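The values are calculated or read from the model by the stated rules, or taken from the named source; none is laboratory data. Just so we're clear, the structure is a prediction, and the values are computed from it rather than from any experiment. As a convention, Cβ positions derive from the backbone with ideal geometry for all residues, glycine included, and neighbour counts pool all protein chains shown.
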Amino acid sequence: PVFVPLDIEISVCVLAGYFRADVKQALIAAFRGFFHPDNFTFGQPVFLSQIYALAQSVAGVESVLVTRFQRWGKTANQELGKGVLTPAGLEIVRLDNDPNFPENGKLEWVMNGGL
């Protein structure tokens, strides 16, 4: 397989009464599970709606806005506008979110609001 590292940035507005750091940790945990390698196979697309639904399901999240949604290290190809990132038939999406290896996919959070 050819792995396709993703580059995603999400801006999150945290509800009043919630700590930004706590909500961020909950989001990181939720997305770690979502992007687990067992959840994707050859040519399986990632839909922006899945990203929004998962982020909105985390306690303390008031709203989210995905500001970057593309292949890592590549120029955006209208994935954000189309709402889908589709790998080729022999490609599998990857997002390890390891700061030491961003070339394996990264997910950045911009946290606003809350405490």
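General remarks:
- Any pair with Cβ under 6 angstrom, 6 or more apart, that starts in the stretch 1-17 at a residue that is within 25 Å of Gly114 (Cα to Cα) and ends at one that is in a loop (DSSP other than H, G, I, E, B): Val14/Gly60; Val14/Gly114; Leu15/Gly60
- Evaluating Glu103 against the criteria (1) farther than 12 Å from Leu6 by Cβ; (2) part of a helix (DSSP H, G or I); (3) under 15 Å from the mean Cα position of the chain (by Cα) leaves one unmet condition, (1).
- Filter result for Val93 (of a type outside the set (S, T, N, Q) and either free of Cβ contacts under 8 Å to residues at least 40 places away in the same chain or in contact with a helix residue (DSSP H, G or I) (Cβ under 9 Å, 6 or more places away or on another chain) (or both)): no
- Qualifying residue in the stretch 91-110 (condition: within 19 Å of Val12 (Cα to Cα) and either of a type in the set (Val, Ile, Thr) or in contact with a Cys (Cβ under 6 Å, 6 or more places away or on another chain) (or both)): yes
- Matching option when the condition is modelled with pLDDT of 95 or more, over 15 Å from Phe3 (Cα atoms), among the hydrophobic types (A, V, I, L, M, F, W, C) and out of contact with any helix residue (DSSP H, G or I) (no Cβ under 7 Å at 6 or more places or on another chain), among Ala30, Ala21, Ala88, Ala55: Ala21
- Condition check for Glu79: over 17 Å from Pro5 (Cα atoms) and charged (D, E, K, R): no
- Comparison of Gly83, Gly113, Gly60 shows that the only residue that is of a type in the set (Gly, Ala, Ser) and in contact with a Phe, Trp or Tyr (Cβ under 6 Å, 6 or more places away or on another chain) is Gly60.
- Verdict on Tyr18 being out of contact with any Leu (no Cβ under 7 Å at 6 or more places or on another chain), farther than 22 Å from Phe101 by Cβ and aromatic (Phe, Trp, Tyr): no
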